[in-house]
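J.: Quick one: this structure, given as structure tokens, is what I'll be asking you about.
No lab work stands behind these numbers, since they all come straight from the coordinates. As the structure is a prediction and not an experimental result, all values here were calculated from the model. When we count neighbours, we look across all protein chains shown, and the Cβ atoms used for this are built from the backbone with ideal geometry, even at glycine.
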Amino acid sequence: MARSIFGRLREGVAALTRDSDGSTDALFNGYWWSTTSATGIRVNQQTALQHSGVMACACILSEDVSKMTPRLLRRSDVTTTRRTPRPGSADPAQTIEEPVEHKGAGREVIGHKDHPLAALLHRPNDWQTWPEFARQMVIAFVLRGNGYAVILRNRRGDPVMLVPINPDRVQMWQAPDGSLFWMVTRSGLHELFVLRNEPFLIPYENVFHLKDLSGDGLVGSSRIALQCETIALGIAQRQQYARLIGNGARPSGILTTDQRLTETSAQRLRDQWNAVNQGLVNSGKTAVLEQGLKWMPLGVSSVDLQFLQLLGFNIIDICRIFRVPPHMLGDMSKGTFNNIVQQSQEYRNNTLTSHTDIWEHRFDFTFDLADQGLFVDFDESALLKADLTARYNAYRVGILTGFETQNEVRVAEGLPPMEGADELLRPVNMIGSDQGGDNPGAGKPSEKVTVDDQPLDAAPGV
């Protein structure tokens, strides 16, 4: 009986197939996926972060996404009123108010005590804040193309915890009927304890999965795997330059003479030269040379200059991989005030919104938010707080055009509301006779004044 049970278990496991990204040895190297490049350097999450450009891009993206706090919102209908001419009345001042319904125009913020997902957006688990959780997920996403978090649920099926997992320890398995599962290799006593009630193969719907560029639509492709040669080349160049300095440091200059020097004389002259000319305190002193000695400084050769230029080109390649402007990595070689401002705006509009859109749609897909009339939105106002002038100009335009009230602006800036500042301002050029005022409105001539009534002497120059 036991043999038949285990036999059926082996047949069931054999029926499942794992997505092939390589052999097990290639996928796991001390729990670190790695790929060998032409330089001989194995590129994985750990070695890729040794590249200063990769480290900078990963930190910039993860920090910026973690600044944008996600909010769970509910769509609601909003009803407003508008004035229309009274039917059958010739007097334009006679108007009536009629309701206007806006479908789904309202947004109601769901508190973390009112919905399980709202609680997770406030505190994803028992050991991480949301920024810490978001940074871990984004770094895994930008490096390996996949960010995984196991969803722990209570007996009612509500999500109560998100457990982030290193993507190198997650594999997808497919059943013959098309069902998808995740095999998570547990690591560490803490992770073993937290996932103690989860099965060996976790159902697809119980894993929150951020997916980058994908060839099969199931698992994202790793950027550091696709561009391992670029990353390995940058690491190799820096290692080569470090070994050059460590093994054969180049002197600042040499003393030359046509005369033959004994070993004792050469040592004496070198010591005297260093004693008189070496160090900051000896800067600017006059050197006295004997026996026809001449000082020849050694500058940076063209080979060194080309090597340093190649290091700069490699940084640009890294920026292309992660879609981060070069000036954010300290490369100001082609930066001006105008194009840096434009690049920063494009970075927010294109790169960061691409990341937040993936998060928002995955939340909707995993937790069926659309069926509940809910959606997740990342608050991007934190990225605009540094630009004080742009923020205040936006507030000014919003108040003067009747888009927002003064108290809404004060609350957004952390200031208490004040009396009489809750009314929307109405621009003067929008107040006309159709709103019940005496102003005939822009572009409409007054019926009280005509050109023929004007005296001739009133016209200037006549």
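J.: Per residue of segment 110-121, what does 6.51 cos²θ - 1.76 cosθ + 1.60 with θ = phi - 60° give for ³J(HN,Hα)? Whole Hz please, x for Gly and Pro, Karplus curve as stated.
T.: 8, x, 5, 9, 9, 8, x, 5, 4, 5, 5, 5
J.: Give me, ordered by chain and number, the residues 5 or more places off His115 or on other chains with an amide H under 5 Å from its own placed amide H.
T.: Amide H neighbours of His115, under 5 Å, 5+ apart: none.
J.: A further question follows. Relative contact order for segment 115-196 using alpha-carbon pairs under 8 Å, separation at least 6, rounded to a whole percent?
T.: Reported as a whole number, the value is 21 percent.
J.: Cβ neighbours within 10 Å, averaged per peptide: list 196-205, 221-230, 403-412 in order, most packed at the top.
T.: Put in order of decreasing packing, that is 221-230, 403-412, 196-205.
J.: If you don't mind, another one. Which ³J(HN,Hα) values in Hz, rounded to whole numbers, follow from the phi angles of segment 338-349 under the Karplus curve 6.51 cos²θ - 1.76 cosθ + 1.60, where θ = phi - 60° and Gly and Pro get x?
T.: Karplus values, whole Hz, x for Gly and Pro: 5, 6, 5, 4, 5, 5, 5, 5, 5, 4, 5, 6.
J.: Let me ask another. Tell me, in nm to one decimal, what length is gained between Gln240 and Asn154 on full extension, where the rule is 0.36 nm per residue of separation less the Cα-Cα distance?
T.: 25.5 nm
J.: Still on this structure, I have one more. Can you figure out the FRET efficiency of Gln46 with Gln272, using R₀ = 30 Å and their beta-carbon distance, to the nearest 0.05?
T.: 0.05
J.: How much length would be gained if the chain were fully extended between Arg396 and Asn338, taking 0.36 nm per residue of separation minus their Cα-Cα distance, in nm to one decimal?
T.: Between Arg396 and Asn338, full extension yields an extra 18.6 nm.
J.: Grab the beta carbon distance between Thr36 and Asp216, set R0 = 22 Å, and tell me the FRET efficiency rounded to 0.05.
T.: After rounding to 0.05, the efficiency reads 0.40.
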